[in-house]
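Reviewing the structure listed below.
Nothing in this text is a laboratory measurement; each read-out follows from the coordinates by a stated rule. Because the structure is a prediction, the values reported are computed rather than measured. Glycine gets a Cβ as well: all are built from the backbone with ideal geometry, and neighbour counts include every protein chain shown.
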């Protein structure tokens, strides 16, 4: 039975999984099927969701026996079984501790990559944004402050300000080289490349790299021999006040001016003055740490 997109419901995943305590996992999943336009199609989509989210071994368990992460995976599967035209996830990890959040994030990445249903993901957690989002919309006081592809939005002032102490850049890169002797891999992006921990990914794999502003320092010439191995030529785009008067945030363009890749550096106001930093100035960014946050 073909169901037009406009007739399909919205899928909704709450902050806390709204499951029926007196039913097993399987009972909860099949309970939702009664709201699907086509029972046959619903069962097919439900089975796909069960396999995608890895909950087949949980079907006979009672809800009370599930961990927080397992409950949310069941809730997502139940929403997918409705064949929704849009899946809204309202801070789905907010009720979980840090360990459980890290446990469920890979499943959400699979959901993003393998399910063609559009997803609207609401969160205050920047680590979830950089791992999952393709397009970022920043709201402040109920109004849109910024919107655009996630890497570009985080490179601008409005979206960056929302990240607070976690201010940083997201770079879309590809695996270009390995250094087996030191267990490192080089990832390249528009405007440069970085050495990061080797994650045993094939050459050419697309990855997301997170560089925090606190992990970037600046020099006005090539640095001498140093423990910092990642050195990038950059152009100063602008210099902004930070939350404390002693600090400055410097927005940088990697490579030639106009490149899409943007970095942030958090330095002292004194250092900015000593270096004579100004908009349009060429400098060198020393990246102390960069983390692979997803593919």
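Among strands (runs of 3 or more DSSP E) entirely within segment 85-187, having at least 2 residues that are touching a strand residue (DSSP E or B) at 6+ places or on another chain (Cβ under 6 Å) and farther than 30 Å from residue 73 by Cβ singles out 143-149, 168-179. Go through the residues of segment 29-52 one by one and say whether even a single one is in a loop (DSSP other than H, G, I, E, B) and closer than 30 Å to residue 293 by Cα. No: zero hits. Taking the criterion of being in contact with a helix residue (DSSP H, G or I) (Cβ under 9 Å, 6 or more places away or on another chain) and farther than 25 Å from residue 40 by Cα, the only residue of segment 72-90 that qualifies is 89.
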